[in-house]
Amino acid sequence: MKNKQKILQLLGLARRASKLTTGDENVLKKIRTKKTYFVFVASDCSDATLKKYTDKCQSYQITMDNSFTQAELSSAIGMQRKIIAVDDSGFSRKFTILLERE
């Protein structure tokens, strides 16, 4: 199984375990309070949104990935979202490992 597929399945598992925060304002709040470990931003979101999250994540030293489209992310978690934050260090570590192998 490809790592991309594994990441999307793991994202669905994290959703069922209630370890995700979704939505623009909610994710920004989690980043500012440093209560999130990893952020997914859809690759087809606007340039302004991508820049905003890239800058925030670099500023607060949070890992960010934008290699998935909104359709892929939405399908994985079962709701229409462009921004997803992972609130669990274990899931975050696994996402980082799988993305490095990609």
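Taken together, the values in this text are just the output of simple stated rules run on the coordinates, not laboratory data. Not measured: the values here are computed from a predicted model. Note: ideal-geometry Cβ built from the backbone for every residue, glycine included; neighbour counts use all protein chains shown.
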query = In segment 1-24, what residues are in contact (Cβ under 8 Å) with a residue 40 or more places away in the chain, exposed (fewer than 14 other Cβ atoms within 10 Å of the Cβ) and not in a helix (DSSP H, G or I)?
reply = Ala17
request  = Hey, could you check segment 33-75 for residues that are touching a residue at least 60 places away in the same chain (Cβ under 8 Å) and touching a Phe, Trp or Tyr at 6+ places or on another chain (Cβ under 8 Å) and say which is farthest from Arg15 (Cα to Cα)?
outcome  = Phe68
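With the requirement that a residue be among the hydroxyl-bearing types (Ser, Thr, Tyr) and within 15 Å of Thr21 (Cβ to Cβ), what does segment 38-62 give you? First the steps, then the outcome.
Taking segment 38-62 first, the residues among the hydroxyl-bearing types (Ser, Thr, Tyr) are 43, 46, 49, 53-54, 59-60.
Those that are among the hydroxyl-bearing types (Ser, Thr, Tyr) and within 15 Å of Thr21 (Cβ to Cβ): Tyr53, Tyr60.
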message = When you check Phe68 against the structure, is it part of a strand (DSSP E or B), surrounded by 14 or more Cβ atoms within 10 Å (Cβ to Cβ), on the phi < 0 side of the Ramachandran plot and within 11 Å of the chain's Cα centre (by Cα), yes or no?
response = no
